[in-house]
Amino acid sequence: MSVKMSELVKLTDTSKSTILFYVKEGLLPEPHKPKPNMHLYDEKCVEMIKFIKYLQTHFNTSISELKTITKGGRLDLEQGFESLLDTLDLIMGSAHQSTYTTAYVTTRYDITSAQLERYLASGLLFQRDGVFSSKELEILEILLRLERLGIDETLLEEYVKHARDLAAIEVEAAKGLLFRADNKNEALKALFDTTLILKPYLFNMQTLQAYKEREASS
């Protein structure tokens, strides 16, 4: 089944110019042109466009990064979330392509290797294939600032503990959902929505509510 441009715009809530840009950049297949003024798009383009927008919104993936990943054969936009599951680490790091060695990090932030190792061992910081990305540098700056301010490390330890416990529960829940699901792609989107949208919302709203309750009682 094919869809007209007007239908594609409506079904994906995406402007005509954006869709044409995706086609130009090779992220969408060229339309079929039975007549000079009639361009028909494969119906699979609907889900492909939604998936592209999801990656841009929740993983900050640029068009150039998407082109590089798809052309490298690591991500198939037609497969959607099934393909994302197999390339998650690559996608998550795509917005932070610059990498830094341990020597660079310790010199830049004037810290010792032992101090950096302490953050790694505690689970507050991670390495990607033996190096650090710009995201890790951002996190390190936060950790160092908190340390200078004298924050109670119990809070950070609790973050790590709960994150690990929650991760284990999430993995088991995902296994169960994928095992029962008739539509694996739909189930995977639900899992990503839960992790990327629902979880931060619940945690942040609970924190906001706690601040409001404390302010009201003081």
Practice item. Before anything else, pin down the relative contact order of the chain: Cα pairs under 8 Å, at least 6 apart, normalised by residue count, whole percent. Key: 14
**Study point:** Ser218-Glu153 FRET efficiency (beta carbon distance; Förster radius 35 Å; 0.05 resolution)
**Key:** 0.85
Review point. What aspartates and glutamates sit close enough to Lys161 to cross-link, taking a C-alpha to C-alpha distance under 13 Å and skipping anything fewer than 8 places away on the same chain?
Key: Glu153
Review point. Taking the C-alpha atoms of segment 96-151, how large are the radius of gyration and the largest Cα-Cα span, Dmax, in Å?
Key: 10.6, 32
Exercise for review: Could you give me the radius of gyration and the Dmax of segment 2-74, taking only the C-alpha atoms into account and expressing both in angstrom?
Suggested key: 12.4, 38
Revision key, fill the gap. Loop-resident chymotrypsin sites (Phe, Trp or Tyr not before Pro) in segment 107-168 with no more than 16 other Cβ atoms inside 10 Å, DSSP not H/G/I/E/B, are Tyr109, Phe126
Point to revise | segment 112-218: relative contact order as a whole-number percent, Cα under 8 Å and 6+ apart | key: 15
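Over 30 Å between Cα atoms: which of Lys16/Lys175; Lys16/Lys67; Lys184/Lys212; Lys35/Lys189 fall into that group?
Details: Lys16/Lys175 39 Å; Lys16/Lys67 20 Å; Lys184/Lys212 41 Å; Lys35/Lys189 37 Å.
Exceeds cut-off: Lys16/Lys175; Lys184/Lys212; Lys35/Lys189.
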Practice item. Under 18 Å Cα to Cα from Lys33, which aspartates and glutamates show up? Leave out anything in the same chain fewer than 8 places away. Key: Glu7, Asp42, Glu43
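When 1/r is averaged over all different Cα pairs and the result inverted, which Kirkwood radius in Å belongs to segment 153-218? Walk me through the numbers on the way to the answer.
Working: mean 1/r = 0.0712 Å⁻¹.
Its Kirkwood hydrodynamic radius stands at 14.0 Å.
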**Study point:** All Cα pairs of segment 1-122, percent lying beyond 22 Å
**Key:** 48
Practice item. Rank these for me by crowding, Asp86, Asp42, going from fewest to most other beta carbons within 10 Å. Key: Asp86, Asp42
Review point. Dividing the Cα radius of gyration by the Kirkwood radius, what Rg/Rh value follows for segment 103-213?
Key: 1.06
Point to revise | Nonlocal amide H pairs with Asn60, under 5 Å, H built at 1.01 Å | key: none
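Each reported figure results from applying straightforward, stated rules to the coordinates on display, with no laboratory input. The structure presented is a predicted model; accordingly, all values stated were derived computationally and were not measured. Here the Cβ is made from the backbone with ideal geometry for all residues, glycine too, and neighbour counts use every protein chain on show.
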